[in-house]
Amino acid sequence: MENARTERLQKIANQMRLEVVRMVHNAGDGHPGPCMSAMDILTCLYFDQMNIRPKDPKWPDRDRFILSKGHACPALYTALAYKGYFSKAEFDGLRSLGSILQGHPTLQKTPGLDMTSGSLGNGLGIATGMAIAGKYRKQDYYTYVIMGDGELQEGSVWEAAMCAKKNSLDHLIAFIDHNNWQSGGSVTECSGLLPVREKWEAFGWFTQEIDGHNIDEILGAIEAAKAQKGQPAAIVARTVKGKGLDYMEDDNSWHKRVPDDAQLERAIELLGGDQK
């Protein structure tokens, strides 16, 4: 039986999924599928785990977050708005000229961002640099990053993984959104990525593998990562692209696609409608 904490976070995640469908529908462009697979992780971070101050977004001791798979930015934008970094009214400007919500996260545009992202393979390197800075300045903040499994094909990811281990960055926690899809097809077909967990372990990271849609498992993995000293932490989250929507789940055509009016109505039905 769900406890109150889990139930609260699941409701937030579903509401944010609905916001993404509505946002992409209204904008006529976007990447809804990759947003859905990462949403439960984002929810646990922003609404339970991260030490942040929306009214003081540049607070030096805040936890840092990088969405390395930047094409899933509508998911991050919903989290930032729900936390109070900016008004939900900004959702209507997604991907519009002059909007604070661009098609990939842009540091100079959007309050609450810690880094511009979207060029795949760069997020972990940047997060590693942030974690090194915190360690040597004797600050206690955590740096979190979410990467797609497809982007693990980039060599820069593994260069950063080696650097993080060498520097014993135990305040660096990386999530791999392992939905087994990338824009060009399944990760299994496109590369020799598997097995994922064993690769991170071989690079000296404290590694866990979880159900990336189970709130309790996500929270437990974060807490275990924080308890582990002397190693960076990787959390391989088994996820489903398009999670929460029966017409979108595990269908890679939704990597970049716009829901029509009927699909928006179906999302409202499936995700519980608008909650207070």
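FYI, it's all coordinate maths here, none of it is from the lab. These numbers come from a predicted model, not from an experiment. Positions of Cβ are generated from backbone atoms using ideal geometry, with glycine treated the same way; all protein chains shown enter the neighbour counts.
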Value of [θ]222 nm, deg cm²/dmol, for the chain, DSSP H segments ≥ 4, -39500 (n - 2.57) each, nearest 500: -12000 deg cm²/dmol
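Calculate, in nm to one decimal, what Ser119 and Lys229 gain on full extension: separation in residues at 0.36 nm each, minus their alpha carbon distance.
Numbers: separation 110, 0.36 × 110 = 39.60 nm, distance 3.06 nm.
So the extension gain works out to 36.5 nm.
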Helix axis angle, 261-270 relative to the chain longest principal axis, alpha carbon, degrees: 60 degrees
Neighbourhood net charge (15 Å Cβ-Cβ; Lys/Arg +1, Asp/Glu -1) for Tyr247: -3
Zone residues, the range 133-152, relative to His104, backbone N less than 18 Å from point 7 Å out along Cα-to-Cβ: 145-152
Relative contact order (%) - criterion: Cα under 8 Å, at least six apart; region: the range 30-185: 24 percent
Loop-resident sites, the range 1-63, for GluC sites (Glu not before Pro), counting at most 13 other Cβ within 10 Å (DSSP): Glu2
Cα extents of the range 31-117 along the three principal axes, largest first (Å): 32, 27, 22
Compactness of the chain, expressed as Rg and Dmax over alpha-carbon positions, Å: 17.5, 53
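If you take the square roots of the eigenvalues of the alpha-carbon gyration tensor of the range 158-217 and sort them as a ≥ b ≥ c, do you get rounded (a/c under 1.5), prolate (a/b over b/c) or oblate?
On the way: a/c = 2.29, a/b = 1.34, b/c = 1.71.
Because a/c hits 1.5 or more and a/b fails to exceed b/c, the range 158-217 counts as oblate.
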Distance between the range 120-174 and the range 191-244 - C-alpha centres, whole angstrom: 14 Å
Nonlocal amide H pairs with Gln182, under 5 Å, H built at 1.01 Å: Val187
Volume of the Cα convex hull of the range 79-163, divided per residue and given in Å³: 112 Å³
Extension reserve of the Lys58-Ala4 stretch, reckoned as 0.36 nm per residue once the Cα distance is removed: 16.3 nm
Relative contact order computed over the chain (Cα-Cα under 8 Å; 6+ residues apart), in percent: 24 percent
Cα Rg over Rh - the range 188-276, Kirkwood: 1.10
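Classify the range 144-187 from the C-alpha gyration tensor, please: rounded if a/c falls under 1.5, else prolate or oblate depending on whether a/b exceeds b/c. Mind dumping the intermediate values first?
On the way: a/c = 4.17, a/b = 1.96, b/c = 2.13.
Oblate.
Which pairs break 18 Å Cα to Cα here: Lys58/Lys109; Lys58/Lys88; Lys58/Lys229; Lys55/Lys88; Lys69/Lys241; Lys135/Lys165? Please report the intermediate quantities before stating the final value.
Values: Lys58/Lys109 14 Å; Lys58/Lys88 21 Å; Lys58/Lys229 27 Å; Lys55/Lys88 16 Å; Lys69/Lys241 13 Å; Lys135/Lys165 13 Å.
With Cα atoms farther than 18 Å apart: Lys58/Lys88; Lys58/Lys229.
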The range 54-208 pair-distance distribution - Cα-Cα, 10 Å bins, rounded %: 11, 37, 34, 16, 2
